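See below for the structure under consideration.
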Amino acid sequence: MARDLGELNREDFARYKDDVKKEGKPFFPRAIFHDTVMSLVVVCVIAALAAIWYYTADGEKSGILGPWYTAPADPGTTAFVPRPDWYFYFLFYLLRIFKWPETVFIATVGIPTICLILLIGLPFYDRRRERRPTHRPVAMVAAVLTIISMGVLTWKGATAKEALGSELVLLVPSWAAEQGFQDNPQAVEGAKLFAQSGCLNCHTYLGEGAGNLGAPDLSAIGKTNEPEYFVRYLTNPAAFGNTVMGSYAYLGQENLAALGEFLAASDGPQD
């Protein structure tokens with residue numbers, strides 16, 4: 001009686017496994033052939049994507065994969081909102097959950113380090129021979145939860161909205177009325193610069209802003225010092241012991257004076 005195809009395949013596979021156990025898998029030509037094929041596939045994919053990018057775009061006109069080039073970067077822009085690469089979105093969003101200074105260390109160092117240590121140590125503390133997913137409920141649940149949490153955090157980080165300077169400028173009249181400097185044109189101009197210069201990416205002001213990197217709430221900062229002090233501080237924060245905040249000297253003395261006047265006028269909401 002003729003043997004079926006399945007039985008022949010099982011015999012061939014058993015013979016192959018026996019040969020591998022006795023002789024191993026030769027590096028040449030087996031491994032080299034596999035590496036060569038995969039390298040060729042990768043190169044072909046890159047070449048295909050490059051061709052699609054080149055032939056579907058035209059100068060600054062965007063194609064399927066984007067334009068050939070874009071407008072030169074403007075180092076003096078006040079409307080740009082910095083964002084990380086997509087593979088750091090999960091960490092980017094963790095920083096929105098864990099606020100400085102109490103818990104930001106957990107988000108930036110603690111959680112990623114613990115996960116990395118668990119991953120590196122996996123071959124040492126998981127020495128079971130069983131590898132079937134259905135027989136490893138704890139490992140499968142942990143893997144699924146990790147994938148889901150990473151996916152959700154990445155998606156939330158990608159869709160997180162940042163307040164642009166042009167949108168924050170619309171709040172300046174309400175800031176001026178609440179703080180009582182609506183009759184001070186220089187302070188109002190400073191408030192507009194404050195909204196456009198990305199200050200609220202770190203600081204908070206009257207309920208707006210991110211409150212990252214330990215930056216304080218500036219709603220009542222004017223109670224502490226005069227405009228001249230704030231101008232000196234903005235020109236060189238490092239001289240005052242602040243090594244996190246960058247210098248705003250590039251804005252020029254006129255703009256710095258307006259910012260100083262605004263900060264000095266920000267002495268808390270008026271009753």
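Distance in nm between label sites at Arg232 and Met38, each 7 Å beyond Cα in the beta-carbon direction?
6.2
Evaluate E = 1/(1 + (r/R0)^6) for Val141 and Thr113, where r is the Cβ-Cβ distance and R0 equals 25 Å; express this FRET efficiency to the nearest 0.05.
The calculated FRET efficiency here is 0.65.
If I model a spin label at Leu91 and Thr70 as a point 7 Å from the Cα along the Cα→Cβ vector, what separation in nanometres do I get?
2.2
Using a Förster distance of 41 Å, how high is the FRET efficiency between Asp12 and Glu130, based on the Cβ-Cβ distance and rounded to 0.05?
0.95
Answer rounded, prolate or oblate for region 5-56, using the Cα gyration tensor with square roots of eigenvalues a ≥ b ≥ c: rounded when a/c is under 1.5, else prolate when a/b is larger than b/c, else oblate.
Taking the square roots of the gyration eigenvalues as a ≥ b ≥ c, region 5-56 is oblate.
In nm, give the distance between the simple-model label positions of Val152 and Trp53, each being 7 Å from the Cα along the Cα-to-Cβ direction.
My value for the distance between the label points is 3.5 nm.
So if a site counts as exposed when it's one of the GluC sites (Glu not before Pro), its DSSP state isn't H, G, I, E or B, and it has at most 10 other Cβ atoms within 10 Å, what's the longest stretch of the chain without one?
Between exposed loop sites, the widest span is 131-271.
At 24 angstrom or more along the helix axis (alpha-carbon based) and mean Kyte-Doolittle of 0.5 or higher, what helices does the chain contain? Whole DSSP H runs only.
32-56, 137-159
Reachable aspartates and glutamates from Lys161, Cα under 15 Å, same-chain residues fewer than 8 places away excluded?
Straight-distance partners of Lys161: Glu208.
Would the chain count as rounded, prolate or oblate if I go by the C-alpha gyration tensor, calling it rounded below 1.5 in a/c and otherwise prolate when a/b exceeds b/c, oblate otherwise?
Since a/c reaches 1.5 and a/b is larger than b/c, the shape of the chain is classed as prolate.
Bear in mind that the values in this text are calculations on the coordinates, not laboratory data. All of these numbers come straight from a predicted model, not from anything done at the bench. Note that each Cβ is placed from the backbone with ideal geometry, even for glycine, and that neighbours are counted across all protein chains shown.
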